[in-house]
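To keep things clear, I will list the structure first and then write my remarks on it.
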Amino acid sequence: MLRSFLSIGVPAKPKRQAFGSSEIRGHVAVLAPVLVDEHEVVPMNEDVRRLPREELLEVLATPHPDELFIGGLVDANDGVVTLYRGNLEPLVVPLKWFKVSGNGVRPDPARLDVTDFGHTVRFGEYEVSTHAILYNHDGNYRRWAQRDFSNRTTRSEERSDACGF
């Protein structure tokens with residue numbers, strides 16, 4: 001049975017990430033070791049909301065797991081959500097970025113969920129696409145998306161059918 005242990009830890013020195021006028025210091029929540037094999041995917045930190053097992057395995061197997069989220073953790077005290085990409089890289093996003101939707105639905109940080117094979121982040125009834133989050137908070141992703149749109153050749157066309165999209 002093949003087992004691989006993947007982990008993300010808090011960095012020894014706090015990272016600084018600027019978000020407009022606010023700054024977040026040293027905020028990278030821990031996605032403690034995750035055990036992946038043909039039978040089990042176990043998050044060691046129960047506070048991390050993650051995809052269902054079957055979806056998680058498919059995201060981890062995609063050619064571009066960095067374009068999907070596998071889980072997340074809200075820190076209401078710091079006003080941020082740490083979203084974990086399929087390559088296990090964390091992305092820290094201020095909760096204030098999630099605005100009331102056009103039909104009046106407000107995000108409920110206490111009800112964080114990652115769904116749709118990592119393509120959607122939900123805060124209760126409020127939903128936002130992974131693409132929108134990455135486009136607004138990851139400069140490399142934004143540059144790729146802008147270049148991709150102008151070329152009209154999408155990376156998703158290059159992907160295997162692993163996630164069914």
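Points worth noting:
- Strands (runs of 3 or more DSSP E) lying entirely in segment 82-150 (those with 3 or more residues that are of a type outside the set (A, V, I, L, M)): 120-123, 126-129
- Of the residues making up segment 67-81, those that are over 22 Å from residue 145 (Cα atoms) and either without any contact (Cβ under 8 Å) to a residue 40 or more places away in the chain or in a strand (DSSP E or B) (or both) are 71, 72, 73, 74, 75, 76, 77, 79, 80, 81.
- Within segment 71-121, if we keep just the residues that are of a type in the set (Val, Ile, Thr) and over 16 Å from the mean Cα position of the chain (by Cα), the residue that is surrounded by the fewest Cβ atoms within 10 Å (Cβ to Cβ) turns out to be 100.
Each value in this text was obtained by applying a stated rule to the coordinates, not by laboratory testing. The shown structure was predicted, so the numbers you read here are calculated from the model rather than taken from an experiment. No Cβ is skipped: glycine too gets one built from the backbone with ideal geometry, and neighbour counts run over all protein chains shown.
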